[in-house]
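Student: Attaching a single structure in structure tokens format; questions to follow.
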Amino acid sequence: MRVGIGYDSHPFAAGRKLILGGVDIPHTKGLAGHSDADAVAHALTDAILGAAGLGDIGRMFPDTDPQWQGASSIDLLNKAFLKVVDAGFRFVHADVTVIMEQPKLAPHLDAMKAKLARALRAGPMNVSVKAKTNEGMGWIGRGEGIAVFAVATLSGGDRVP
Ligand SMILES: [Zn+2]
């Protein structure tokens with residue numbers, strides 16, 4: 001059994017869609033960044049890659065490479081998952097915490113879990129997504145952006161030296 005951790009943060013920006021866990025969430029602004037700036041998918045991708053010892057999302061899908069311009073981050077999560085499987089691992093479970101003040105994510109958590117689990121060829125029971133505020137403190141509290149932590153466990157890896 002291997003455990004990996006992932007972290008991501010993005011600032012809010014006007015005129016952007018808010019995509020989290022592959023779900024289009026109605027809000028007055030979205031997240032700035034490369035591709036769709038889906039911080040949940042990015043943190044989870046780093047968690048599975050970390051557990052497999054396969055580096056990180058920036059190394060696997062460089063934002064200087066035009067083939068990843070405008071890519072769906074859920075698709076990148078799936079591509080990373082396939083590399084993890086190729087390396088001899090099986091996805092077991094992930095737990096994700098999203099830290100943001102607004103909007104409330106509770107109505108969207110089930111849809112996010114379903115999208116993330118599908119990208120990992122797992123059932124929604126194997127992906128946990130939780131949302132917290134930062135109690136008004138700091139840059140998250142001021143609504144400047146969001147942070148996401150993710151932990152993933154993988155089994156296997158016997159073929160990995
Ligand atoms: Zn990101």
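The values are calculated or read from the model by the stated rules, or taken from the named source; none is laboratory data. What you are looking at is a predicted structure, and each value in this text was computed from that prediction instead of being measured. Please note: Cβ atoms are built from the backbone with ideal geometry, for glycine as well, and neighbour counts cover all protein chains shown.
Student: Collect the residues in the range 104-161 that are farther than 23 Å from residue 73 by Cα and modelled with pLDDT of 95 or more, keeping them in residue-number order.
Tutor: Those that are farther than 23 Å from residue 73 by Cα and modelled with pLDDT of 95 or more: 133, 134, 135, 136, 137, 138, 139, 141, 142, 155.
For every residue, the table says whether it meets (1) among the aromatic types (Phe, Trp, Tyr); (2) more than 21 Å from residue 154 (Cβ to Cβ); (3) buried (at least 17 other Cβ atoms within 10 Å of the Cβ).
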residue	(1), (2), (3)
89	yes, no, yes
100	no, yes, yes
110	no, yes, no
120	no, no, yes
129	no, no, yes
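Student: Another question, if that's okay. Quick check: anything in the range 1-17 over 13 Å from the mean Cα position of the chain (by Cα), under 30 Å from residue 157 (Cα atoms) and assigned to a loop (DSSP other than H, G, I, E, B)?
Tutor: Yes, there is a match, as at least one residue in the range 1-17 is over 13 Å from the mean Cα position of the chain (by Cα), under 30 Å from residue 157 (Cα atoms) and assigned to a loop (DSSP other than H, G, I, E, B).
Student: Pairs, please: C-beta under 6 Å, at least 6 apart or cross-chain, first residue closer than 14 Å to residue 79 by Cα and in the range 47-67, second at pLDDT below 90?
Tutor: So the pair list comes out as 61/68.
Student: Oh, and also: For the range 135-155, give me the residue count where each residue is farther than 16 Å from residue 104 by Cβ and either polar (S, T, N, Q) or assigned to a loop (DSSP other than H, G, I, E, B) (or both).
Tutor: Qualifying residue count, the range 135-155: 5.
Student: Are any residues in the range 55-83 surrounded by 15 or more Cβ atoms within 10 Å (Cβ to Cβ), out of contact with any Asp or Glu (no Cβ under 7 Å at 6 or more places or on another chain) and at pLDDT below 95, and if so, which ones?
Tutor: 60, 61, 68, 71
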